[in-house]
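**Q** One structure, as structure tokens, below. Some questions next.
Bear in mind that the values in this text are calculations on the coordinates, not laboratory data. Everything numeric here is computed off the predicted structure, so don't read it as measured data. All Cβ positions, even for glycine, are placed from backbone atoms using ideal geometry, and neighbour counts span all protein chains on display.
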Amino acid sequence: MKRFLLAVQFLTIIPAGRPGLPEPAELGRSMVFFPLVGVLQGLVLVFADYLLLKVLPISVASGFLLIILLLTNGGFHLDGFVDTVDGLTGGGSPEERLRIMRDSRTGAIGVVCVVLLLLMKFLCIDTLSLDERGVSVLLFPLAGRWAMVPMASWAPYARQEGLGKAFAGTGSVTLLRATAIGALFFTIFLGLRGLFILAILLALTYAITAFFNKKLGGVTGDVFGFHSEVSEVFFLLLILVDF
């Protein structure tokens, strides 16, 4: 229970547990429950969507879902997405990219990319059929939170220090347990198709992790946020693909 509350405390703005930073080892092991935090956020979105669709057009409701998701995690992952894009597009070496990612200023390309990311997420949600909408809204935050776990397992931390260092290098046991939780929910709601989607996301995570190992020498907290956002979009796209 303690590790679940740590995961909630780290990934959302929901008050959970005592304030302050826990031991890095405990924080790293809390990644087992990242998928469950995604489910928690998904449940909030499903309930909100149910109420919104009673009084608003579906497109407006879809937009509000993104706002609600943003509010529940305080924009934590979007900030990491923007910083990562700025670093990748503005630096010529790993050291320079990491320096740019730490800069509090936001570059023009980062702004454009985050707008496109949110637009793509909105279009995917708005295009979902009513039969698929509830399940997809529930599961796409799970996909984003789970995707950080294999990345943490497969990559070292690119900096000497930082909050994300507690997660990088997470062991295979944590990865297996988190993946089992994710697979359980995907299978319950999507059947064998859910396992296929999970396998594709796992392959995508492997490729993105290898990319950042090459470009940065590992991952950072910003990279975790970047990958979470990208994984949410890919999950929604895979739901829309007819296979």
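**Q** So is Gly87 farther than 18 Å from Leu139 by Cβ, small (Gly, Ala, Ser) and part of a helix (DSSP H, G or I) or not? Break it down into steps so the answer makes sense when it comes.
**A** Details: farther than 18 Å from Leu139 by Cβ: yes; small (Gly, Ala, Ser): yes; part of a helix (DSSP H, G or I): yes.
Criteria met by Gly87.
**Q** Only one residue in Leu78, Leu70, Leu53 is without any contact (Cβ under 8 Å) to a residue 60 or more places away in the chain, under 15 Å from the mean Cα position of the chain (by Cα) and in a helix (DSSP H, G or I). Which one?
**A** Result of the check over Leu78, Leu70, Leu53: Leu70.
**Q** Same structure again: Is it true that Val112 is β-branched (Val, Ile, Thr), exposed (fewer than 15 other Cβ atoms within 10 Å of the Cβ) and closer than 19 Å to Val230 by Cβ?
**A** Numbers: β-branched (Val, Ile, Thr): yes; exposed (fewer than 15 other Cβ atoms within 10 Å of the Cβ): yes; closer than 19 Å to Val230 by Cβ: yes.
Considered against the rule, which asks whether it is β-branched (Val, Ile, Thr), exposed (fewer than 15 other Cβ atoms within 10 Å of the Cβ) and closer than 19 Å to Val230 by Cβ, Val112 comes out as yes.
**Q** Now for a different question. Let me spell it out: the conditions are (1) surrounded by 15 or more Cβ atoms within 10 Å (Cβ to Cβ); (2) under 17 Å from Val135 (Cα atoms), and Ser228 meets all of them except one. Which number is the exception?
**A** Going through (1) surrounded by 15 or more Cβ atoms within 10 Å (Cβ to Cβ); (2) under 17 Å from Val135 (Cα atoms) one by one, Ser228 breaks only (2).
**Q** Okay, next question. Only one of (1) part of a helix (DSSP H, G or I); (2) aliphatic (A, V, I, L, M); (3) under 18 Å from the mean Cα position of the chain (by Cα) fails for Ile13. Which number is that?
**A** With (1) part of a helix (DSSP H, G or I); (2) aliphatic (A, V, I, L, M); (3) under 18 Å from the mean Cα position of the chain (by Cα) applied to Ile13, the lone miss is (1).
**Q** Okay, next question. State which residue is nearest to Arg102 (Cα to Cα) when the search covers only the range 156-188 and only residues that are surrounded by fewer than 16 Cβ atoms within 10 Å (Cβ to Cβ) and hydrophobic (A, V, I, L, M, F, W, C).
**A** Ranking the qualifying residues of the range 156-188, first place goes to Leu163.
**Q** When the residues of the range 137-188 are filtered to those that are hydrophobic (A, V, I, L, M, F, W, C) and not in a helix (DSSP H, G or I), which remaining residue is farthest from the chain's Cα centre (by Cα)?
**A** Step one: filter the range 137-188 for residues hydrophobic (A, V, I, L, M, F, W, C), giving 137-140, 142-143, 146-149, 151-152, 154-155, 158, 163, 166-168, 173, 175-176, 178, 180-181, 183-186, 188.
Retained after the next criterion (residues that are not in a helix (DSSP H, G or I)): 155, 158, 167-168.
Working: Ala155: 16, Ala158: 19, Phe167: 14, Ala168: 15 Å.
By that ranking, first place goes to Ala158.
**Q** Now a separate question. How many residues, within the range 189-207, are in a helix (DSSP H, G or I), surrounded by fewer than 20 Cβ atoms within 10 Å (Cβ to Cβ) and not basic (Lys, Arg)?
**A** Counting residues in the range 189-207 that are in a helix (DSSP H, G or I), surrounded by fewer than 20 Cβ atoms within 10 Å (Cβ to Cβ) and not basic (Lys, Arg) gives 12.
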